[in-house]
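Colleague: So that we are looking at the same thing, I have put the structure below in structure tokens.
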Amino acid sequence: MPILWKQVAYKREGKCNKKGEIYIMENKAEIEIGLDYDSVDIVFESILPELSDSPSKRSEIELKMDGNSLRICICTDDVVMLRASLNTWLRLIKTACDMVEIVDK
């Protein structure tokens, strides 16, 4: 299952609302990952519960499904957290894709 992705990261200033609190977030990464049309639904549903179990309040994550691709938007207040969040979410998606591939065999 090929994973195609592009990353657009840029610095910005603004406010992100998280659980009723206002945070100043400066770093943002948007990632679009193209998946097989049959598996995008399964991968999306398998990683969706991770949104409610965020271990840190230093980042805000948006996860969307658009056709046969997943879109992830990560907004953080520092570069270290941006890197950590990117690693976490890319690893979660890769693991879910690997599991779909194993089950399909």
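The values are calculated or read from the model by the stated rules, or taken from the named source; none is laboratory data. Treat the numbers as computed from the prediction; the structure is a model and nothing was measured. Here Cβ is always computed from backbone atoms with ideal geometry, including for glycine, and neighbour counts include all displayed protein chains.
Colleague: Name the residues in the stretch 36-63 that are within 16 Å of LYS94 (Cα to Cα) and part of a strand (DSSP E or B), would you?
Modeller: Selection gives LEU63 alone.
Colleague: List every residue pair whose Cβ atoms lie under 8 Å apart, where the two residues are 6 or more positions apart in sequence or sit on different chains, the first residue falls within the stretch 32-61 and is in contact (Cβ under 8 Å) with a residue 24 or more places away in the chain, and the second residue, located anywhere, is aliphatic (A, V, I, L, M) and in a loop (DSSP other than H, G, I, E, B).
Modeller: ILE33/ILE3; GLY34/ILE3; LEU35/MET1; LEU35/ILE3; ASP36/MET1; SER39/MET1; VAL43/LEU35
Colleague: Enumerate the pairs (first residue in the stretch 78-105 and under 18 Å from ASN68 (Cβ atoms); second residue anywhere and surrounded by fewer than 16 Cβ atoms within 10 Å (Cβ to Cβ) and of a type in the set (A, V, I, L, M, F, W, C)) with beta-carbon separation below 6 Å, excluding pairs fewer than 6 apart on the same chain, so at least 6 apart or on different chains.
Modeller: CYS97/MET1; GLU101/MET1
Colleague: Would you check which residues across the stretch 35-49 are surrounded by fewer than 16 Cβ atoms within 10 Å (Cβ to Cβ) and either among the hydrophobic types (A, V, I, L, M, F, W, C) or in contact with a Leu (Cβ under 7 Å, 6 or more places away or on another chain) (or both) and list them?
Modeller: Residue satisfying the conditions is LEU48 alone.
Colleague: If a residue has to be under 23 Å from ASN27 (Cα atoms) and either in a helix (DSSP H, G or I) or at pLDDT 90 or above (or both) to count, how many in the stretch 74-98 make the cut?
Modeller: 15
Colleague: Search the stretch 50-61 for residues being charged (D, E, K, R) and at pLDDT below 85, and hand back the single one that is surrounded by the most Cβ atoms within 10 Å (Cβ to Cβ).
Modeller: ARG58
Colleague: Can you tell me which residue is surrounded by the fewest Cβ atoms within 10 Å (Cβ to Cβ) among those in the stretch 62-87 that are within 9 Å of the chain's Cα centre (by Cα) and not charged (D, E, K, R)?
Modeller: CYS73
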